[in-house]
Amino acid sequence: MTKNSTAIEFQNVSVTFTMGHGRAVLRNHITSWFGLHKSKSFHALRNISFRLQKGESMGIIGSNGAGKSTLLSLVSGVVVPDVGRVIVNGRVAALLELGAGFHPDLTGAENLRLNASLLGISRQRVKDLFSSIVEFSGIGDFINEPLRTYSTGMQMRLAFSVAIHMDPDILVVDEVLAVGDEEFQSKCYDRIRNLRSAGKTLMIVSHSTSAIQKLCDRALWIDRGELVFDGSAIDTIEAYEGRSLSRTRLK
Amino acid sequence: MWGGDYTYVLQNLIIKDFKVRYRNMSLGVFWSLLNPLVMLGVLWFVFTKIFPNNAIQNFPVFVLCGLVPYNFFSVGWVVGTTSLVDNSGLIKRVPVPREIVPIAGVLSQCIHIGIQVCLLLLFLILAGKSISIYWLLLPVLWFFEIIFVCGLALACAALNVYIRDMRYFVESTNTIMFWLVPIFYPFSMIPREFREIYQFNPVAALVLATRNILLDGIAPPETLQIKLVFSSLCVFGAGLAVFHTLKSRFYNYL
């Protein structure tokens with residue numbers, strides 16, 4: 001297998017977070033220098049390795065706090081691994097928490113431009129795509145109103161429209177399919193399917209196993225930071241549901 | 001990893017800071033003028049009525065030459081320092097080069113300072129001062145002041161992620177600097193043994209150079225210019241170095 005056919009590769013990746021960082025003040029730093037207070041660490045991910053080919057689509061399942069979002073943040077480059085290596089070939093569009101940089105006092109159009117530029121879309125492309133983004137979002141005339149007048153659904157639709165217009169090689173999606181009404185959701189599914197059939201790589205985190213079954217060939221099951229199962233979407237979902245079933249029986 | 005358009009992001013971040021700041025003010029841009037005018041009035045009262053100082057002519061121009069660079073330094077430094085924490089949502093969501101955020105914070109102050117520069121020019125005209133060739137030096141000297149403040153902001157913004165009390169340190173230092181930058185006293189009143197140190201402070205150096213150019217109509221001494229450039233570049237380099245060592249764990253602390 002040539003290296004070029006790899007879209008995403010994780011090599012023994014671990015991520016550790018320090019706990020108690022809500023108290024990032026000088027006093028705590030001084031006490032920890034003198035060893036008076038030990039900060040606890042938390043393994044968000046432990047020794048994860050996998051490889052995703054170009055054009056493959058992978059779902060990630062696991063319970064809350066299993067490390068799914070951390071894994072996507074590693075792909076998008078927001079988080080740097082403490083141990084191991086993350087290799088990403090191609091342009092990533094990460095629909096993590098949507099709407100980076102959105103500010104309630106700016107208008108929809110101003111937020112659109114800011115968000116698009118942060119995602120790495122060039123000035124010229126934003127100009128060309130502007131009307132198409134607005135149209136996809138279905139915001140209409142509200143685009144020139146301040147964002148604080150938008151409903152949550154409208155904000156998410158705007159954010160999603162910007163992100164989906166990035167023309168990525170790799171699309172990373174975190175739970176955002178719960179965005180908007182049914183009509184908008186089906187538009188999003190269509191868009192994601194189009195990207196798939198155009199040979200783009202896809203990575204999705206979702207609690208909805210049916211969404212993963214619909215969109216993915218392959219799935220990872222992560223539990224408490226560890227990779228439990230890596231296989232076809234159906235096998236992984238079966239294993240995951242079997243396990244949670246036996247857990248509820250135990251209770 | 002992030003293959004975006006740096007100038008476009010910078011432009012949008014600056015527009016955002018500026019609009020957010022002014023959209024919620026009924027007086028809008030006039031706030032930028034009110035602050036130096038009030039300070040000018042107070043300083044004028046104290047230093048012409050209470051402690052009259054005959055060494056100073058053209059008091060309004062003299063003080064504004066000090067206040068404008070000082071205001072840029074103090075506001076830019078504070079805004080830059082808190083910028084990463086204020087924009088934590090952005091840092092945690094997009095892999096945009098982190099350095100852009102504090103730099104945009106500092107640069108967003110340029111618009112606000114530009115208005116104060118206009119006020120200074122207005123007083124210059126009222127004082128009957130004419131334009132000289134040395135005015136061309138001003139943008140260059142200002143460029144280095146901006147570099148200096150960016151350097152400070154980069155270092156302090158990165159530290160502020162780990163030590164949230166950083167902002168109070170910056171604010172206290174600003175109060176001290178108000179007295180240690182020659183805003184309302186001339187260089188000639190500073191005792192000889194301290195003059196050397198004064199010139200290594202880029203803000204003080206800019207104030208002195210601006211007075212040379214605008215009030216005295218002469219070129220600032222070359223040694224002063226060299227010191228301004230030297231200390232600005234050193235601070236900027238140090239700021240970048242601090243930022244680079246600290247940035248990998250921002251996500252964990254924001």
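The values are calculated or read from the model by the stated rules, or taken from the named source; none is laboratory data. From a predicted model like this one, the values you see are computed outputs, not experimental measurements. Heads up, the Cβs are rebuilt from the backbone with ideal geometry, glycines too, and the neighbour counts pull from every protein chain shown.
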Completion exercise
Scanning region A:110-136 for residues that are within 9 Å of another protein chain (Cβ to nearest Cβ), of a type in the set (A, V, I, L, M) and under 21 Å from the mean Cα position of the chain (by Cα) gives A:LEU114, A:ALA116, A:LEU118, A:LEU119, A:ILE121
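Name every residue in region B:2-12 that is within 7 Å of chain A (Cβ to nearest Cβ) and in contact (Cβ under 8 Å) with a residue 40 or more places away in the chain, in order of residue number. Steps first, answer last, please.
Step one: of region B:2-12, the residues within 7 Å of chain A (Cβ to nearest Cβ) are B:2-5, B:8-9, B:12.
Residues satisfying the conditions are B:TRP2, B:GLY4, B:VAL9.
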Practice task
Kindly list the number of the only condition in (1) within 10 Å of chain A (Cβ to nearest Cβ); (2) more than 25 Å from B:SER232 (Cβ to Cβ) that fails for B:ASN53.
Solution key: (1)
Fill in the blank from the handout: Residue hits (region B:91-142; of a type in the set (Ser, Thr, Tyr) and more than 30 Å from B:LEU13 (Cβ to Cβ)) are B:SER130, B:SER132, B:TYR134
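What do you reckon, is A:PHE50 away from chain B (no Cβ under 13 Å), in contact (Cβ under 8 Å) with a residue 12 or more places away in the chain and aromatic (Phe, Trp, Tyr)? Working first, answer last.
Numbers: away from chain B (no Cβ under 13 Å): yes; in contact (Cβ under 8 Å) with a residue 12 or more places away in the chain: yes; aromatic (Phe, Trp, Tyr): yes.
So A:PHE50 passes the test.
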Completion exercise
All conditions in (1) facing another protein chain (nearest Cβ under 10 Å); (2) of a type in the set (A, V, I, L, M, F, W, C); (3) touching a helix residue (DSSP H, G or I) at 6+ places or on another chain (Cβ under 6 Å) are true of A:ILE61 except (1)
Practice task
For region A:27-40, indicate whether the set of residues that are modelled with pLDDT of 75 or more, of a type in the set (S, T, N, Q) and either outside any helix (DSSP H, G or I) or crowded, with 21+ Cβ neighbours inside 10 Å (or both) is non-empty.
Solution key: no
Handout entry: Residue satisfying condition, being charged (D, E, K, R) and under 30 Å from A:PRO81 (Cα atoms), within set B:ARG211, B:ARG167
Key = B:ARG167
Practice task
Could you please find all residues in region B:207-241 being modelled with pLDDT of 95 or more and more than 20 Å from the chain's Cα centre (by Cα)?
Solution key: B:ALA241
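Here is a yes/no grid of residues against (1) part of a helix (DSSP H, G or I); (2) farther than 18 Å from B:GLY4 by Cβ:
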site	(1), (2)
A:GLY101	no, no
A:ARG113	yes, no
A:SER117	yes, no
A:PHE136	yes, yes
A:ARG148	yes, yes
A:ALA159	yes, no
A:ALA163	yes, no
Exercise for the section: Using the structure shown, decide if B:VAL140 is modelled with pLDDT of 90 or more and surrounded by fewer than 21 Cβ atoms within 10 Å (Cβ to Cβ). Expected result: yes
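Identify all residues within region A:193-246 that are of a type in the set (Asp, Glu) and free of Cβ contacts under 8 Å to residues at least 60 places away in the same chain; write none if there are none.
Kept after step one, since they are of a type in the set (Asp, Glu), are these residues of region A:193-246: A:217, A:223, A:226, A:230, A:235, A:238, A:241.
Selection gives A:ASP235, A:GLU238, A:GLU241.
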Exercise for the section: Considering only residues that are more than 10 Å from every other protein chain (Cβ to nearest Cβ) and of a type in the set (Lys, Arg), look in region A:65-109 and name the one that is farthest from the chain's Cα centre (by Cα). Expected result: A:ARG85
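Let's see how each residue does on (1) more than 14 Å from chain A (Cβ to nearest Cβ); (2) more than 30 Å from B:LEU214 (Cα to Cα); (3) assigned to a helix (DSSP H, G or I); (4) free of Cβ contacts under 8 Å to residues at least 40 places away in the same chain:
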site: B:LEU124; (1), (2), (3), (4): yes, no, yes, no
site: B:VAL140; (1), (2), (3), (4): yes, no, yes, yes
site: B:ALA153; (1), (2), (3), (4): yes, no, yes, no
site: B:PHE169; (1), (2), (3), (4): no, yes, yes, yes
Practice task
Specify the residue that is farthest from B:VAL149 (Cα to Cα); the eligible residues are those in region B:87-99 that are at pLDDT 90 or above and surrounded by fewer than 20 Cβ atoms within 10 Å (Cβ to Cβ).
Solution key: B:PRO97
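Please tell me if B:GLY105 is of a type in the set (Gly, Ala, Ser), assigned to a helix (DSSP H, G or I) and more than 18 Å from the chain's Cα centre (by Cα).
Numbers: of a type in the set (Gly, Ala, Ser): yes; assigned to a helix (DSSP H, G or I): yes; more than 18 Å from the chain's Cα centre (by Cα): no.
Spelling it out, it is not the case that B:GLY105 is of a type in the set (Gly, Ala, Ser), assigned to a helix (DSSP H, G or I) and more than 18 Å from the chain's Cα centre (by Cα).
Out of everything in region A:12-26 that is surrounded by 15 or more Cβ atoms within 10 Å (Cβ to Cβ) and not aromatic (Phe, Trp, Tyr), what residue ends up being modelled with the lowest pLDDT? Explain how you work it out, then say what you get.
First, pick out the residues of region A:12-26 that are surrounded by 15 or more Cβ atoms within 10 Å (Cβ to Cβ): A:13-17, A:21, A:24, A:26.
Cutting the leftovers down to not aromatic (Phe, Trp, Tyr) gives us A:13-16, A:21, A:24, A:26.
On the way: A:VAL13: 91, A:SER14: 91, A:VAL15: 90, A:THR16: 87, A:HIS21: 50, A:ALA24: 64, A:LEU26: 72.
Result: A:HIS21.
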Problem - Of all residues making up region B:231-254, the number that are small (Gly, Ala, Ser), in contact (Cβ under 8 Å) with a residue 40 or more places away in the chain and within 14 Å of chain A (Cβ to nearest Cβ) - result: 0
Practice task
Could you check, for region B:73-90, whether at least one of its residues is more than 14 Å from chain A (Cβ to nearest Cβ), more than 30 Å from B:VAL235 (Cα to Cα) and within 20 Å of the chain's Cα centre (by Cα)?
Solution key: no
Exercise for the section: Search region B:17-43 for residues being over 18 Å from the mean Cα position of the chain (by Cα) and modelled with pLDDT of 90 or more, and hand back the single one that is nearest to the other protein chains (Cβ to nearest Cβ). Expected result: B:VAL38
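Can B:VAL96 be described as in a helix (DSSP H, G or I) and either within 14 Å of chain A (Cβ to nearest Cβ) or under 30 Å from B:TYR185 (Cβ atoms) (or both)?
no
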